[in-house]
Amino acid sequence: MRLLEERIQKEGKALSESVLKVDSFINHQVDPEFMEMLGKDFAEHFKDFGITKVFTIESSGIAPAMMVAKYLHVPMVILKKQTSKILNGNVYQTRITSFTKGTSYELTLFSDYISPDDRILLIDDFLANGEAATGASRLVEQSGAKLAGIGILIEKSFQNGRKRLEDAGYYVYSQARVSRLDAGVIEFLPEDEPTVAAQSE
Ligand code: 5GP
């Protein structure tokens, strides 16, 4: 999506070959009108997927996910990051290890907010190695519901998250696909290109 790519190019900072900082409009300060525009784009993209709920992972996915849910006219559910396991039968939990931060947490969903006939759209800010999205898919499957689609603002296509999710049978739509990062350099894949990882196979 050209407007997102332009904004990343203008305000994003490549901290290394693998980490992109977009604190001025997504991760720290949030631009609500821009989030609304991204939310509308996701809602348009997924309008025929029969989505019944939008899921996101706290905290940076909440702003765009809220807008998607508004335009799809469905509830939004925030998957919580707990530091330790909750020992009661009313939650689904799965452990996620974050390679970027070197931490792990229990992704947690209260069972009241999902049912087996739900069709879930997962929205997240970044897709890197697919740890968070794969964990969310485990929670959805534990409940018997279907993960009908995954919407990502910024996919780092040189990492293997998309391949991992597609190999597991999930549909992924990313609004911006970064092909390379380096000090002062941010490059994008042309729209509709296969991933860098897939190209090198
Ligand atoms: P994954 O689980 O796909 O390996 O990583 C995705 C999660 O890690 C995202 O939810 C995001 O919070 C964080 N993340 C991964 N790469 C980046 C990055 O380059 N910049 C920022 N700001 N967050 C990232």
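The values are calculated or read from the model by the stated rules, or taken from the named source; none is laboratory data. On a predicted model such as this, the values are computed, not experimentally measured, just so you know. Virtual Cβ from ideal backbone geometry, glycine too; neighbours counted across all protein chains shown. Heads up: the accessible areas ignore ligands, DNA and RNA and are worked out on the full protein's heavy atoms, side chains in. Shrake-Rupley method; radii C 1.70, N 1.55, O 1.52, S 1.80 Å.
Here are a few things to note about the model shown:
- Screening the candidates GLY149, GLY130 for the property of being within 13 Å of the ligand (Cβ to nearest atom), open to solvent by less than 20 Å² (accessible area, probe 1.4 Å), out of contact with any Pro (no Cβ under 6 Å at 6 or more places or on another chain) and touching a residue at least 24 places away in the same chain (Cβ under 8 Å) yields one hit, GLY130.
- Contacts under 8 angstrom Cβ, first residue in segment 63-92 being touching a residue at least 24 places away in the same chain (Cβ under 8 Å), partner acidic (Asp, Glu) and open to solvent by 70 Å² or more (accessible area, probe 1.4 Å), 6 or more apart: TYR71/GLU44
- Given (1) at pLDDT 95 or above; (2) within 14 Å of the chain's Cα centre (by Cα); (3) within 12 Å of the ligand (Cβ to nearest atom), number of the condition SER59 does not satisfy: (1)
- Boolean, ASP118 is surrounded by 19 or more Cβ atoms within 10 Å (Cβ to Cβ), within 16 Å of the ligand (Cβ to nearest atom) and in contact (Cβ under 8 Å) with a residue 60 or more places away in the chain: no
- Within segment 156-194, considering residues that are among the charged types (D, E, K, R) and part of a loop (DSSP other than H, G, I, E, B), the one nearest to LYS21 (Cα to Cα): GLU191
- Among the residues making up segment 133-146, those that are near the ligand (Cβ under 9 Å from one of its atoms) and surrounded by 19 or more Cβ atoms within 10 Å (Cβ to Cβ) are ALA133, GLY135.
- Applying a threshold of 7 Å to beta carbon distances and a minimum spacing of six or more residues, or different chains, the list of pairs starting in segment 14-41 at a residue that is within 12 Å of the ligand (Cβ to nearest atom) and ending at one that is assigned to a helix (DSSP H, G or I) and open to solvent by less than 40 Å² (accessible area, probe 1.4 Å) reads VAL22/ILE8; PHE25/PHE34.
- For ASP124: the one exception among (1) part of a helix (DSSP H, G or I); (2) within 16 Å of the ligand (Cβ to nearest atom); (3) of a type in the set (D, E, K, R): (1)
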